[in-house]
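Below is one structure; the comments refer to it alone.
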Amino acid sequence: MVGKRVLSQINGITTASQLQKSYSDSSIGWTLDTLAGRCVEMSGSAETATLTTTAALILEAQRRGEPSAWVAGCGSTFFPPDFAASGIDLHALPVIHVPEIKQASRVTDALLRSGGFTLVILDLGSKVELPLPFQTRFAGLAKKHHTAMLYLTCKGEWTPSLGSLVSLRGHSAKTRTSFDRFTCSIHVVKDKRRGPGWGDTEVCHGPDGLC
């Protein structure tokens, strides 16, 4: 699989889905360098690894000293203690709860217009419709400020993406491979730059007592 990374374990890191993850320094794959300046959709359904992979991006940004923001547009969000245990500084992660899509879109627009964020996350959940005018504006602002605009959606892998302005669409999955081992994978089903079919795979292990 193109983009697959061979990862070394880092002890003591627990992600949003209560998995301990491995990270590499490679810019190949599902990284901020790949997503910068683009509107990206990450989908997931049963046994998803969406929060795991999103937490990794936030942590990558914070390690670079670059800010991220999370807009909860579906009425729920991640479990903060899990993100904190992964190494994410919650004090440096603004989270805005706006359950109405239009209001959430306006907040996202303001964050992108500021040009102050490397990563902006809009969690849409199962509300997988986003007005075209907002998508158009987000695409232009993401490109202008070199920001990764990440939409999180809850749907099947082969369900169409939010729209034609989504530059990259990945579908995440998590598979238990042994008692305390998991494979968190992303299969890219749409990529306007490289073409679909590549992916990213990370080996995870569950923390003691939770496997």
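The values are calculated or read from the model by the stated rules, or taken from the named source; none is laboratory data. It should be emphasised that the depicted structure is a prediction, and the values quoted were computed from it without experimental measurement. Here Cβ is always computed from backbone atoms with ideal geometry, including for glycine, and neighbour counts include all displayed protein chains.
Take Thr54 and tell me if it is in contact with a strand residue (DSSP E or B) (Cβ under 7 Å, 6 or more places away or on another chain), within 21 Å of Trp198 (Cα to Cα), modelled with pLDDT of 90 or more and among the hydroxyl-bearing types (Ser, Thr, Tyr). First the steps, then the outcome.
Values: in contact with a strand residue (DSSP E or B) (Cβ under 7 Å, 6 or more places away or on another chain): yes; within 21 Å of Trp198 (Cα to Cα): yes; modelled with pLDDT of 90 or more: yes; among the hydroxyl-bearing types (Ser, Thr, Tyr): yes.
Spelling it out, Thr54 is indeed in contact with a strand residue (DSSP E or B) (Cβ under 7 Å, 6 or more places away or on another chain), within 21 Å of Trp198 (Cα to Cα), modelled with pLDDT of 90 or more and among the hydroxyl-bearing types (Ser, Thr, Tyr).
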Requested in this report: Give the residues of the stretch 25-66 that are more than 20 Å from Pro99 (Cα to Cα), in contact with a helix residue (DSSP H, G or I) (Cβ under 7 Å, 6 or more places away or on another chain) and of a type outside the set (Ser, Thr, Tyr), sorted by residue number.
Outcome: Trp30, Leu32, Gly37, Arg38, Cys39, Ala55, Leu57, Glu60, Ala61, Gln62
Query raised in the report: Taking into account only those residues within the stretch 120-167 that are among the small types (Gly, Ala, Ser) and in a helix (DSSP H, G or I), which is nearest to Arg63 (Cα to Cα)?
Result: Ala142
Report summary line: Expected output for the stretch 122-135 (first residue modelled with pLDDT of 95 or more and of a type outside the set (A, V, I, L, M), partner surrounded by fewer than 19 Cβ atoms within 10 Å (Cβ to Cβ) and assigned to a helix (DSSP H, G or I), Cβ below 7 Å, 6+ apart or cross-chain) is Phe134/Asp109
Report task. Residue by residue through the stretch 95-119, note down the ones that are outside any helix (DSSP H, G or I) and exposed (fewer than 13 other Cβ atoms within 10 Å of the Cβ). Result -> Glu100, Gly115
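Kindly check whether there is at least one residue in the stretch 152-165 that is β-branched (Val, Ile, Thr), closer than 26 Å to Gly197 by Cβ and more than 12 Å from the chain's Cα centre (by Cα).
Yes, because at least one residue in the stretch 152-165 is β-branched (Val, Ile, Thr), closer than 26 Å to Gly197 by Cβ and more than 12 Å from the chain's Cα centre (by Cα).
Here's the yes/no breakdown for (1) surrounded by fewer than 24 Cβ atoms within 10 Å (Cβ to Cβ); (2) outside any helix (DSSP H, G or I):
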site	(1), (2)
Met42	no, yes
Thr48	yes, yes
Thr53	no, no
Ala56	no, no
Glu60	yes, no
Gly65	yes, yes
Val71	no, yes
Ser76	yes, yes
Phe83	no, no
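For the stretch 176-210, what are the residues that are at pLDDT 80 or above, over 24 Å from His146 (Cα atoms) and not in a loop (DSSP other than H, G, I, E, B)?
Initial filter on the stretch 176-210 (at pLDDT 80 or above): 183-201.
Right, trim to over 24 Å from His146 (Cα atoms) and you get 183-185, 197, 201.
Of everything in the stretch 176-210, those that are at pLDDT 80 or above, over 24 Å from His146 (Cα atoms) and not in a loop (DSSP other than H, G, I, E, B) turn out to be Thr183, Cys184, Ser185, Thr201.
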**Report entry** Qualifying residue in the stretch 10-32 (condition: of a type in the set (D, E, K, R), modelled with pLDDT under 95 and either part of a helix (DSSP H, G or I) or surrounded by 15 or more Cβ atoms within 10 Å (Cβ to Cβ) (or both))
**Finding:** yes
Query raised in the report: What are the residues in the stretch 136-185 that are among the β-branched types (Val, Ile, Thr), farther than 10 Å from Cys39 by Cβ and surrounded by 23 or more Cβ atoms within 10 Å (Cβ to Cβ), if any?
Result: Thr153
Query raised in the report: Considering the stretch 114-126 alone, what residues qualify as being over 15 Å from Met42 (Cβ atoms) and of a type outside the set (Val, Ile, Thr)?
Result: Ser114, Gly115, Gly116, Phe117
